[in-house]
Amino acid sequence: MVIGGGISGITAAVEIAETGYEVILVEKEAYLGGNVVKMNNYFPKLCPPACGLEINFRRIRQNPRITVFTSTEVVAIVGTRDNFTANLRHKPQYVTDHCTVCGKCTEVCPVERPDPFNYAFTQTKAIYLAHEMAFPLKYHIDDTCCLMDECAKCIAVCEYHAIDLTAGETHHSVEVSSVILATGWKNYDASRIELLNYNTFQNVVTNVEFERLLAPGGAGGGQLVRPSDRKTPKTIAFVQCAGSRDESHLPYCSAVCCSASLKHALTVLQRYPDSKIKIFYIDLRVTGRNEDFLSRVKENHNIELIKGKVAGVKEIADSNNLIIEVENIMAGKKIREEFEMVVLATGIMPSDIGINLLQGPDGFYQSGQEEGIITAGCCKMPMDVSSSVKDATSAALKAIQSAVLKVK
């Protein structure tokens, strides 16, 4: 069993199945792809999500050894290596596999909701397609806002009888020989960093939100817009280590934030060559092939790297522009500068999984191969997509070594 349907979990599942073993892939969201599917592009080749995920989705569709459960959570794991029992909870599937994604249901749905896929920058109807690459490709219903039987307009227009508003939560158990934990990561809550005013000012966003704003399916439909007025910002500040390397928040370095901000800066200037960007950092940490980004940034006259920890962010009320207060360490002076948008490079934390498994001092999950539980990807430590794929392949090999299932 692989818990988590992001890039690490998908990689582990297909590698194991193509070796001849049966795999159960469990994902709590209604779709596979995890955080990667929300990205504009990712390292090392700056591919869009479709580049790698669509190939893996095809591998899943074509392999009968893989059983996929979406909208499903693992509520308990009991047993030992070679003999685990996992209890699964399945959320109601109000839309069946008969759905053809014709879209008629959304046309008549009267309820709108903030879209979590776009970090609430946009809205969807209560019945919605998670995103354009959704796997499985079908609509879903948000039962926290849907009017259900009081409305039922979606049922009336569905020609394929694919909607069942009477569906309920179900439970079942599976027996597996080994478990790969690939539950991924979440961003640190930027609202806890009071001086940066993330929750107060609309044009202060996190790095993952900015990634989504750059993406073709984001709030601007492929154009970068700032949340307050949907104008394209011409001056942008990137604030590194927002909450990271700080004993009051995250004491560790999240490894990928510097590379991500360098990538964002180059992406903005590729689209909007007249933009002015400043990156405020404690230390710049890039590794491997990502070092090329730092060289390119240093050569770009529209990007300035300033060593200094940002002390605060304030807003100019009439323009919604932002004032950053920071000490420029190299110049030996405090500065105040105005920007149209501020991007906080918040750190990576392991996702909450709801079951009791071994965790290290920073909350990341630890492998116990001898017990038959193997971690993979960012639930284990911060890493980029390329490293996550390699780590997932390693986890797949360890799971095969632990398994007692015979090749059919």
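Every number here is computed from the coordinates shown, using simple stated rules; none is lab data. All of these numbers come straight from a predicted model, not from anything done at the bench. As a convention, Cβ positions derive from the backbone with ideal geometry for all residues, glycine included, and neighbour counts pool all protein chains shown.
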Return the single residue from K334, K125, K138 with maximal mean-square fluctuation; model: Gaussian network over the chain, springs between Cα atoms under 10 Å. K334
What is the gain in length, in nm to one decimal, between A152 and Q366 on full extension, counting 0.36 nm per residue of separation less the C-alpha to C-alpha distance? 72.4 nm
Could you calculate the contour length gain from Q401 to E169, that is, 0.36 nm times the residue separation minus the distance between their Cα atoms, to one decimal place in nm? 80.0 nm
Placing +1 at every Lys and Arg Cβ and -1 at every Asp and Glu Cβ, with all other atoms neutral, what dipole size does region 104-147 have around its Cα centre, in debye to the nearest 20? 100 debye
What number results when the radius of gyration of region 104-147, computed over Cα atoms, is divided by 2.2 N^0.38 Å? 1.08
Taking only the alpha-carbon positions of region 223-284 and ignoring solvent, what does the Debye formula give for the base-10 log of I(q)/I(0) at q = 0.28 Å⁻¹? -1.16
Among the listed pairs K104/K138; K38/K276; K307/K334, which have their C-alpha atoms separated by more than 21 angstrom in this model? K38/K276
Using the Cα gyration tensor of the chain, with a ≥ b ≥ c the square roots of its eigenvalues, what is the shape: rounded (a/c below 1.5), prolate (a/b larger than b/c) or oblate (neither)? oblate
Note on the chain, DSSP bridge orientation, antiparallel percent to nearest 5 equals 60 percent
Net length gained if the chain between A76 and K231 were fully extended (0.36 nm per residue, minus Cα distance): 51.0 nm
Ranking E247, E73, E107, E340 by Cβ neighbours within 10 Å, fewest first, what do you get? E247, E107, E73, E340
Per the Kirkwood formula over distinct C-alpha pairs, the hydrodynamic radius of region 78-123 in angstrom is 14.9 Å
Cα gyration tensor category, rounded, prolate or oblate, for region 157-237 with a/c compared to 1.5: oblate
Normalised contact order of region 188-346, rounded percent, pairs of Cα under 8 Å and 6 or more residues apart: 29 percent
Quick one: give the max-minus-min coordinate of the C-alpha atoms of region 2-58 along each principal axis, largest first, in Å. 33, 24, 16
Per the Debye formula with a single identical scatterer at each Cα and no solvent contribution, what log10 I(q)/I(0) holds for region 188-346 at q = 0.08 Å⁻¹? -0.20
Computed helical MRE - 222 nm, the chain, DSSP H runs ≥ 4 contributing -39500 (n - 2.57), nearest 500: -6000 deg cm²/dmol
With r as the distance between the Cβ atoms of A311 and Q62 and R0 = 41 Å, compute the FRET efficiency 1/(1 + (r/R0)^6) and round to 0.05. 0.15
Residues of region 260-277 with backbone nitrogen within less than 20 Å of a virtual label 7 Å along the Cα-to-Cβ line of T287, please, listed as ranges. 260-264
Of every Cα-Cα pair in region 1-149, the percentage lying beyond 25 Å is 35 percent
Using alpha-carbon pairs under 8 Å, 6+ residues apart, how would you state the relative contact order of the chain in percent? 20 percent
If you take the square roots of the eigenvalues of the alpha-carbon gyration tensor of region 350-402 and sort them as a ≥ b ≥ c, do you get rounded (a/c under 1.5), prolate (a/b over b/c) or oblate? oblate
For the chain, set up a GNM with springs between Cα atoms under 10 Å and report which of A130, A162, A215 has the largest fluctuation. A162
Springs between alpha-carbon pairs under 10 angstrom, Gaussian network model over the chain: which of M349, M39, M148 fluctuates most? M148
